[in-house]
Amino acid sequence: MEWFSTEEACLQYLEGLRWRDGFVCPQCGVAGEPYRASRSRLMCRACRYQGTVTSGTIFDKTRTPLKVWLAAAWYVTNQKHGVSALGLQRVLGLGSYQTAWTMLHRFRRAMVRPGRESLKGTVEVDETFIAITDRKRPVAKVGRKNNTTKTLVAIAVETLEPKGFGRIRLRRIPDNTEQYLLPFVTETVEPGATVHTDGLSAYLALPKYGYLHKRTVMLGSEIPAHISMPGVHRVASLIKRWLLGTHHGAVQPEQLDAYLDEFAFRFNRRTSNSRGLLFYRLLEQAVMTKPATYEEITKQPKSPVKPP
């Protein structure tokens, strides 16, 4: 709160994150000190383009003060298990739940770094069903049925030697067929890596894509699945506990990808001893992420992955 007590301080900090070596015009690409028409509006001296530090970022056209945004970013990264929209609304004193919910989803979009490195070494790949509460689905009045729905999620986990886990990747998929599992592997795992899967036939074509395939058939095996493939089972358990604990399982199926991105962001940085560094990384990516409106965020997404 001392660092970012004014809008000017927030703008100066974000400007340093967005243009480390000085202002670069988003329109013509010319580098150089801009003409400062006001405390927030910048004008390129070459093409006369006018914009702000927040133009084209997740903060674009926001009516919420930047110091509230930065306070939200600190609270999101400072909480080990994350925060719900209701919790954020209470902490920041926001008047609208929708504002808090949209802020969190904008931050989640910034948690995926463009061009991030693929998983390497030995990577476990599996699928799991996640039960979430679909508030749009009516509750049955007769019998024991409820509005809980199950969504299939693909999981990839780096395994380290002699023990431990590295980074992870997660994705919602319609079904566990080759049409969706192979694109997930090829887009998240580096060719040449060893991919450890169960006996599902959808993975049989992995060697054609340059992977070493380690296949463990679970059916009839005396070794439990969580022993043969501990990484994916540990991550699957943590995801379910996180969704139930922090978000009480009340996640719309079409919004699940955003929550999976947040979980991966937190898991992949779990060994960081500095919450300030997480805050810095999140805002660093936030000024590089395109804006999204509430309507765009709530819009029903298309198929999670394209067929190969």
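The values are calculated or read from the model by the stated rules, or taken from the named source; none is laboratory data. Being a predicted model, the structure only gives us computed values, none of them experimental. Counting neighbours? That spans all protein chains shown, and the Cβs are built from the backbone with ideal geometry, glycine included. The accessibility values were calculated without ligands, DNA or RNA, using every heavy atom of the protein model including side chains. Shrake-Rupley method; radii C 1.70, N 1.55, O 1.52, S 1.80 Å.
Listed values, structure above:
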{"quantity": "Residues of the stretch 50-61 that turn out to be open to solvent by 60 Å² or more (accessible area, probe 1.4 Å) and either assigned to a loop (DSSP other than H, G, I, E, B) or closer than 17 Å to Gly16 by Cα (or both), as a count", "calculated": "1"}
{"quantity": "Subset of the stretch 244-269 (residues that are more than 27 Å from Tyr280 (Cβ to Cβ), among the aliphatic types (A, V, I, L, M) and in a helix (DSSP H, G or I))", "calculated": "Leu244, Leu256"}
{"quantity": "Within the stretch 251-288, considering residues that are in contact with a helix residue (DSSP H, G or I) (Cβ under 9 Å, 6 or more places away or on another chain) and over 21 Å from Pro114 (Cα atoms), the one least open to solvent (accessible area, probe 1.4 Å)", "calculated": "Val251"}
{"quantity": "Pair list, Cβ under 8 Å, 6 or more apart: the stretch 107-119 residue among the acidic types (Asp, Glu), other residue open to solvent by less than 100 Å² (accessible area, probe 1.4 Å)", "calculated": "Glu117/Glu190"}
{"quantity": "Residues being in a helix (DSSP H, G or I), more than 14 Å from Val123 (Cβ to Cβ) and without any contact (Cβ under 8 Å) to a residue 40 or more places away in the chain - total across the stretch 179-217", "calculated": "4"}
{"quantity": "Check on Ser84, surrounded by 14 or more Cβ atoms within 10 Å (Cβ to Cβ) and in contact with a His (Cβ under 6 Å, 6 or more places away or on another chain)", "calculated": "yes"}
{"quantity": "Flag for Val112 being within 19 Å of the chain's Cα centre (by Cα) and either at pLDDT below 90 or farther than 18 Å from Ala250 by Cβ (or both)", "calculated": "yes"}
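Conditions (1) open to solvent by 60 Å² or more (accessible area, probe 1.4 Å); (2) over 25 Å from Leu70 (Cβ atoms); (3) in a strand (DSSP E or B), marked per residue:
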position: Glu2; (1), (2), (3): yes, no, no
position: Ala9; (1), (2), (3): no, no, no
position: Tyr13; (1), (2), (3): no, no, no
position: Arg20; (1), (2), (3): yes, no, no
position: Pro26; (1), (2), (3): yes, no, no
position: Ser38; (1), (2), (3): no, no, no
position: Cys47; (1), (2), (3): no, yes, no
